[in-house]
Amino acid sequence: MKIIVVGAGYVGLVTGACLAKKGHQITIVEHDQKKILALQAGKIPFYEPGLDQYVIDGMKKNFITFSQNLADTLHTENNDIIFSCVGTPSLPNGNADMTAVWNVMETIGKHIKRNVLVINKSTVPVGTARKAKVLIDDIIERRIVPISATLASNPEFLREGSAIADFMESDRVVCGVESEQARETLFELYKPFVKKEEHILEMNFESAELTKYAANAMLATRISFMNELSRLADAANADIKQIQRGIGLDSRIGLDFLNPGVGYGGSCFPKDIDALIATGTAYKQEMSLIRQVKIINEQQKQWFIDSIFNFYGNDILNKTIGIWGLSFKPNTDDIRSAPSLDLIDALIEDDIKIIAYDPAAMMHIKNIYKDKVKFVKHKQDLLGQVDALVIMTEWQEFIDTNLEDFTYIKDRLIFDGRNCFDPIELQMHNLTYFCIGRNVYSPEWHEKSIRNRVEYLEQL
């Protein structure tokens, strides 16, 4: 098929590259000329394992081309499908900013010259596909031309760091359709990407749009539940990892997304949680549970930061803190809403020295904080320069660290926001180790933390 993909961001590039891999003719439309030039040179504007090679292969085989103007592309090419993959960032009130989506739909209505299937893949509020159809139909009617646009909602479920696998071997494909043509086209398009055809799920527009929000809200809820429970585990002298297995081996619950940590971040969960709350308000349905998920996530980040300050008391002002991990999760350079940002802000506020390392995200942090944060080229380079190490992202290279290397940390102290290590093993190396929900093994943590908490708070 000949397909236009509007937007060369995360969703658009992955969608275009993976469809090209199956032999479809893809034109990726992107208004940013610098981004197009970089892509044509094989440079991906973000870190996603394997995507650069997919794009390069697609260009070499002439399955992927780029255009800067959607209207011109619609005039000059005969395409069967148009994917809208533009961004929908959060507005201050939590609603999604739909400016780019409506611009795409208006352009389609004004410039298509044949019948096309318009598929929205952006994360959008419930009701968007139906409004888009009315918008496009009205524009076409005013043009007085014998053509039509069929609409479909096809939300993405791509995980940063594993997006290629998620697309090429999809768990499920959600298709919001209300015409036989759209259903048949989407089923034909996606059959090569699923193990079973029944994993292509047909539903109406609104169900598809709400499914996207519901999926991310469910995952965020599991994270916040375990994070809140981890704080109780620490207070009650319990081990959250044992609790995790105790509940996760129940087939009704499962082990996925039960890892406690320092809080979720990224471009999806925070934005989609806000949008779901705003959608509930619009439909006069209070999303009280989802509101609490957001609150707990913010509490978890602050609790972890407070734990570091409380442990040191006033002494922290004379310490140098090392940070391993800046991206919100491993295998991506995305720092949007990353918990590391909250930690850095708190340390900078008190003029505490910071040395940081991340395999992919350091340049993004440097662009924000300039010389307020010192960076090193290798993870080991900071260990001998810092008094304590804080782990904010569970990159595999951190997990693979030889525990002896940690003995170079001046205070032999680690704050692990991702539970990368076994607390008993670290104690055997004479290291003080604070993690999430497993501090039953660290009595010295409790004693020193309680003693310094009052002292530090009195200085605020």
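Filtering the stretch 347-373 to residues that are among the charged types (D, E, K, R) and buried (at least 17 other Cβ atoms within 10 Å of the Cβ) leaves Lys353, Asp358. Listed conditions (1) modelled with pLDDT under 95; (2) crowded, with 17+ Cβ neighbours inside 10 Å; (3) in a loop (DSSP other than H, G, I, E, B) are all met by Leu426, apart from (3). Hey, can you tell me all the residues within the stretch 342-360 that are within 17 Å of Gly265 (Cα to Cα) and either free of Cβ contacts under 8 Å to residues at least 40 places away in the same chain or outside the structural domain of Ile321 (by TED's automatic domain parsing) (or both)? Answer for the stretch 342-360, where residues must be within 17 Å of Gly265 (Cα to Cα) and either free of Cβ contacts under 8 Å to residues at least 40 places away in the same chain or outside the structural domain of Ile321 (by TED's automatic domain parsing) (or both): Ile344, Asp345, Asp358. For the stretch 28-45, the set of residues classified as exposed (fewer than 13 other Cβ atoms within 10 Å of the Cβ) and free of Cβ contacts under 8 Å to residues at least 12 places away in the same chain consists of Lys34, Leu37, Ala41, Lys43, listed by residue number. For Ile140, state whether it is in contact (Cβ under 8 Å) with a residue 24 or more places away in the chain, part of a loop (DSSP other than H, G, I, E, B) and more than 30 Å from Glu48 (Cβ to Cβ). The answer is no for Ile140. Applying the condition of being out of contact with any Phe, Trp or Tyr (no Cβ under 8 Å at 6 or more places or on another chain) and either assigned to a helix (DSSP H, G or I) or among the basic types (Lys, Arg) (or both) to the stretch 250-280 and asking which residue is farthest from Lys329 (Cα to Cα) yields Gly280. For the stretch 281-301, a residue qualifies if it is part of a helix (DSSP H, G or I) and either of a type in the set (S, T, N, Q) or farther than 29 Å from Ser327 by Cα (or both), and the qualifying residues are Thr281, Ala282, Ser288, Gln292, Asn297, Gln299, Gln300.
Within the stretch 66-85, restricting attention to residues that are free of Cβ contacts under 8 Å to residues at least 60 places away in the same chain, of a type outside the set (A, V, I, L, M) and assigned to a helix (DSSP H, G or I), which residue is farthest from Trp102 (Cα to Cα)? Among residues in the stretch 66-85 that are free of Cβ contacts under 8 Å to residues at least 60 places away in the same chain, of a type outside the set (A, V, I, L, M) and assigned to a helix (DSSP H, G or I), the one farthest from Trp102 (Cα to Cα) is Thr76.
Table: residues versus (1) within 21 Å of Ser122 (Cα to Cα); (2) not polar (S, T, N, Q).
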{"position": "Ser162", "(1), (2)": "yes, no"}
{"position": "Asp171", "(1), (2)": "yes, yes"}
{"position": "Glu178", "(1), (2)": "yes, yes"}
{"position": "Ala217", "(1), (2)": "yes, yes"}
{"position": "Ala238", "(1), (2)": "no, yes"}
{"position": "Gln244", "(1), (2)": "no, no"}
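Residue under question is Thr88, and the condition is that it be touching a Ser or Thr at 6+ places or on another chain (Cβ under 6 Å), among the β-branched types (Val, Ile, Thr) and either within 18 Å of Val101 (Cβ to Cβ) or not assigned by TED's automatic domain parsing to the domain that holds Ala278 (or both); does it hold? Here the answer is yes, as Thr88 does meet what is asked. Evaluated against (1) in contact with an Asp or Glu (Cβ under 9 Å, 6 or more places away or on another chain); (2) over 22 Å from Cys175 (Cβ atoms), Val116 falls short on exactly one condition, (2). Considering Asn93, Asn79, Asn62, the condition of being over 30 Å from the mean Cα position of the chain (by Cα), at pLDDT below 95 and in the same structural domain as Ala17 (by TED's automatic domain parsing) is satisfied by Asn79 alone. If you filter the stretch 311-333 down to residues that are under 23 Å from Ala217 (Cα atoms) and surrounded by fewer than 24 Cβ atoms within 10 Å (Cβ to Cβ), you find that the one that is nearest to the chain's Cα centre (by Cα) is Lys329.
Can you pull out the residues in the stretch 48-67 that are among the small types (Gly, Ala, Ser) and under 20 Å from Ile82 (Cβ atoms)? Answer for the stretch 48-67, where residues must be among the small types (Gly, Ala, Ser) and under 20 Å from Ile82 (Cβ atoms): Gly58, Ser67.
If you scan the stretch 289-310, which residues turn out to be surrounded by fewer than 16 Cβ atoms within 10 Å (Cβ to Cβ) and of a type in the set (Lys, Arg)? Selection gives Arg291 alone. Annotation note: of Ala208, Ala217, Ala152, Ala236, the sole residue that is within 27 Å of the chain's Cα centre (by Cα), under 27 Å from Ile436 (Cα atoms) and of a type outside the set (Lys, Arg) is Ala217.
Considering (1) more than 22 Å from Leu13 (Cα to Cα); (2) acidic (Asp, Glu); (3) assigned to a loop (DSSP other than H, G, I, E, B), the lone condition that Glu156 does not fulfil carries the number (1).
Exactly one residue among Glu206, Glu228 is touching a Lys or Arg at 6+ places or on another chain (Cβ under 9 Å), part of a helix (DSSP H, G or I) and of a type in the set (Asp, Glu), and that residue is Glu206. Quick check on the stretch 390-408. Is at least one of its residues surrounded by fewer than 18 Cβ atoms within 10 Å (Cβ to Cβ), in contact with a helix residue (DSSP H, G or I) (Cβ under 7 Å, 6 or more places away or on another chain) and modelled with pLDDT under 95? For the stretch 390-408, residues surrounded by fewer than 18 Cβ atoms within 10 Å (Cβ to Cβ), in contact with a helix residue (DSSP H, G or I) (Cβ under 7 Å, 6 or more places away or on another chain) and modelled with pLDDT under 95: absent.
The values are calculated or read from the model by the stated rules, or taken from the named source; none is laboratory data. Owing to the predicted nature of the structure, the values given are computational and were not obtained by experimental measurement. Neighbour counts are summed over all protein chains in view; Cβ atoms, including those assigned to glycine, are modelled from backbone coordinates with ideal geometry.
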